[in-house]
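The values are calculated or read from the model by the stated rules, or taken from the named source; none is laboratory data. In this text, all values refer to a predicted model and were calculated from it rather than measured experimentally. Counting neighbours? That spans all protein chains shown, and the Cβs are built from the backbone with ideal geometry, glycine included. Quick note on the areas: whole protein, heavy atoms, side chains included, nothing else; ligands and nucleic acids left out. Shrake-Rupley method; radii C 1.70, N 1.55, O 1.52, S 1.80 Å.
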Amino acid sequence: MANERIILGIDPGTTIMGFGLIRVVNKSMQFIQLNELQLSKYDDHYLKLKLIFERTIELIDTHNPDEIAIEAPFFGKNVQSMLKLGRAQGVAMAAGLSRDIPVTEYEPKKIKMAITGNGNASKEQVAKMLQQLLGLKELPKNLDSTDGLAAAVCHHFNTGKPTVAGKSYTGWDAFIKQNPDKVK
């Protein structure tokens with residue numbers, strides 16, 4: 001029997017929420033879907049949060065993901081924007097947690113590094129690499145959905161790698177080598 005799981009990746013936002021889904025069979029990735037939730041037409045921030053929650057629940061109920069990977073908001077200069085993004089992220093996380101689905105958060109640089117090998121890659125570079133990795137015929141006009149898909153692919157690439165306090169390791173050997181004091 002094949003080891004199969006579905007990963008939902010989310011790029012939270014209060015203007016556009018991007019998301020992507022992949023199926024992983026053994027170690028092989030298969031593209032399921034990518035799309036976005038357009039929120040710019042709504043003025044009410046609380047309504048936007050409600051719609052993010054409802055769309056995330058709908059995705060969960062439709063695709064039954066085993067895990068959710070979500071992009072962490074990056075720290076900008078505008079505190080109000082950061083607060084709004086954090087709320088959007090929290091609502092998407094709460095939707096997954098309400099269905100007992102494990103949620104993992106990834107910094108944008110870590111996602112870019114996992115997909116392109118460059119933590120400073122552009123959205124376009126990430127999208128092009130995903131197109132190659134997953135055999136996508138065309139890319140969407142807005143790249144928020146590919147950012148969501150990138151979170152899912154990043155999670156697949158990082159599954160099973162031990163992490164401690166934001167540090168990541170290539171495996172247990174690397175962890176032990178860098179943390180000899182943790183071994184008895």
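List of remarks:
- Descending principal axes extents, region 1-142, alpha-carbon based, whole Å: 45, 34, 24
- Ligands, DNA and RNA excluded, the heavy atoms of Asp100 present near 140 Å² of accessible surface to a 1.4 Å solvent probe.
- Sorted largest first by accessible area at a 1.4 angstrom probe radius, with every protein chain in place, the residues Ile10, Ile32 fall in the order Ile32, Ile10.
- Sites matching chymotrypsin sites (Phe, Trp or Tyr not before Pro) across region 1-42 that sit in DSSP coil, with at most 15 neighbouring C-beta atoms within 10 Å: Tyr42
- Figure note: Ser98, Ser145 ranked by solvent-accessible area, largest first, 1.4 Å probe, ligands and nucleic acids not counted: Ser98, Ser145.
- For Lys84, the accessible surface of its heavy atoms amounts to roughly 90 Å² (probe 1.4 Å, protein chains only, rounded to the nearest 10).
- Only Cα pairs under 8 Å and 6+ residues apart enter the sum, and on that basis the relative contact order of region 1-134 stands at 23 percent.
- Of all aspartates and glutamates in the structure, those lying under 17 Å Cα to Cα from Lys110, and not within fewer than 8 positions of it along the same chain, are Asp11, Glu71, Glu124, Asp144, Asp147.
- Ranking Glu138, Glu58 by solvent-accessible area of protein heavy atoms (1.4 Å probe, all protein chains present), from largest to smallest, gives Glu138, Glu58.
- Shape call, region 74-136: gyration tensor on alpha carbons, a/c limit 1.5: oblate
- In region 11-82, the trypsin sites (Lys or Arg not before Pro) that fall in loop regions by DSSP, at most 14 other Cβ within 10 Å: Lys27, Lys41, Lys77
- Of Lys41/Lys137; Lys84/Lys123; Lys27/Lys112; Lys112/Lys141; Lys50/Lys123, pairs whose Cα-Cα distance is over 23 Å: Lys41/Lys137; Lys50/Lys123
- Sequence-separation-based contact order of region 33-111, relative, with Cα cut under 8 Å and 6+ spacing, percent: 38
- Across region 125-141, coupling constants 3J(HN,Hα) worked out from phi with the 6.51/-1.76/1.60 Karplus curve, θ = phi - 60°, read 5, 4, 4, 5, 5, 4, 4, 5, 4, 10, x, 6, 6, 9, 9, x, 5 Hz, and Gly and Pro carry x.
- Taking amide H as placed 1.01 Å from N in the peptide plane, the amide H of Glu105 sits under 5 Å from that of Ile70, each at least 5 places away or on another chain.
- If a spin label sat at a point 7 angstrom from the Cα of Ser28 along the line to its beta carbon, the backbone N atoms of region 118-158 nearer than 19 Å would be those of 131-137, 153, 156-157.
- For the pair Leu83 and Lys50, a Förster radius of 30 Å applied to the C-beta separation gives a FRET efficiency near 0.95, rounded to the nearest 0.05.
- Across region 35-52, rounded Karplus estimates of 3J(HN,Hα) from the backbone phi angles (6.51 cos²θ - 1.76 cosθ + 1.60, θ = phi - 60°) give 6, 8, 9, 7, 10, 5, 6, 9, 8, 7, 4, 5, 5, 4, 5, 4, 5, 4 Hz, Gly and Pro being marked x.
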